[in-house]
Amino acid sequence: MSDIKAEKTIYDAISEVNKTIKEIGKSKKNELQNFKYAPLEQTYLEVREAMAKVGLVLIPNIAINEMSQTLTTKNNKVNYALITMEFTFYYRGQAAPTIRWVGEAMDSGDKSYSKAISFAYKTFLNSFFMIPRVDCDPDGTSEEGMAQPHRRADKRYDNGSPQHKVLNFFNQNGLDWLQKGKDGHEMFKHFLVKRCGIYNTYILKYTIDEANKVLREVQEIIGEPLDFPPDTKYVEQFRKSYKTIYDLGALDADSEKIDPEIKDGEK
């Protein structure tokens, strides 16, 4: 019988970490909503110590980040951050398949992104290592509001890409023409067909040329160059200007062709 031991794999290391981590107690309390929760720092401490013992390393990466505004249940504006993170485990030169994970958060100040990152980290670690817990809320403070519709996370677009700029502009609070059923959605399709010659509302499938065409038409209607993220004054200016165009041209001969031909897949 051979005394040679098989080399430990990255999955063996992950398994050892999983065996080491115990239940994380709920040591803090959310005073606003009156519940106890386990703070992120405690999750970090438990996982970090367990990973350090076996030499397992976790490398994070923010693949996609988006910021918009939404309204709270009291009709106050808050910043809404949506991020897609990638987590990759490494062990002695071995890498496990990268895992994508979504984090979202709302904040009335400048902490939306940090909260979203914390949300993603904590829920990923708790779920991946199956850490026992009863509470489901990851944050000690919270904003109550309407979350923005989620989009697929299997394609990457940097913040500066034309496709991302189109998404940013038409998903602004006060416009929000992307979601089917919204008042402006028919105007959005009218704008795409009439001004841009595009019969598809699925912006993430646009070519760079198509997305740039949309941005040029937006700027032509506004009458000045766009900055990103777009100022709300541009959004309101575009909405008012294009509503006038739409009201004047919605009944022309070609308008009845728009509904049956355009592919409506963004939301």
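The values are calculated or read from the model by the stated rules, or taken from the named source; none is laboratory data. Treat the numbers as computed from the prediction; the structure is a model and nothing was measured. Reconstructed Cβ throughout: ideal geometry from the backbone, glycine too, with neighbour counts over all protein chains shown.
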statement: Output for Cβ contacts, cut-off 8 Å, separation at least six or different chains, first residue in the same structural domain as ILE245 (by TED's automatic domain parsing) in the stretch 176-204, second at pLDDT 80 or above and assigned to a strand (DSSP E or B), reads LEU192/ASN200
query: Hey, does the stretch 208-227 have a residue that's modelled with pLDDT of 65 or more and basic (Lys, Arg)?
result: yes
query: Residues in the stretch 46-57: is at least one in contact with a strand residue (DSSP E or B) (Cβ under 7 Å, 6 or more places away or on another chain) and either part of a strand (DSSP E or B) or free of Cβ contacts under 8 Å to residues at least 12 places away in the same chain (or both)?
result: yes
message: Out of the residues in the stretch 28-53 meeting the condition of being farther than 23 Å from TYR91 by Cβ and modelled with pLDDT of 80 or more, tell me which one is surrounded by the fewest Cβ atoms within 10 Å (Cβ to Cβ).
response: GLU41
task: Considering each of ASN75, ASN61 in turn, give the residue that is surrounded by fewer than 16 Cβ atoms within 10 Å (Cβ to Cβ), out of contact with any His (no Cβ under 8 Å at 6 or more places or on another chain) and in contact (Cβ under 8 Å) with a residue 12 or more places away in the chain.
output: ASN61
query: Can you name the residue in the stretch 13-27 that is exposed (fewer than 14 other Cβ atoms within 10 Å of the Cβ) and of a type in the set (D, E, K, R) and is also modelled with the lowest pLDDT among such residues?
result: GLU23
- request: Provide a single number: the residues in the stretch 106-117 that are at pLDDT 90 or above and either in a loop (DSSP other than H, G, I, E, B) or of a type in the set (A, V, I, L, M) (or both).
  value: 2
- line: Across the stretch 162-180, the tally of residues that are modelled with pLDDT of 75 or more and either hydrophobic (A, V, I, L, M, F, W, C) or in contact with a Gly (Cβ under 6 Å, 6 or more places away or on another chain) (or both) stands at 4
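Could you please let me know if LEU204 is among the hydrophobic types (A, V, I, L, M, F, W, C), at pLDDT below 70 and within 26 Å of ASN65 (Cβ to Cβ)?
no
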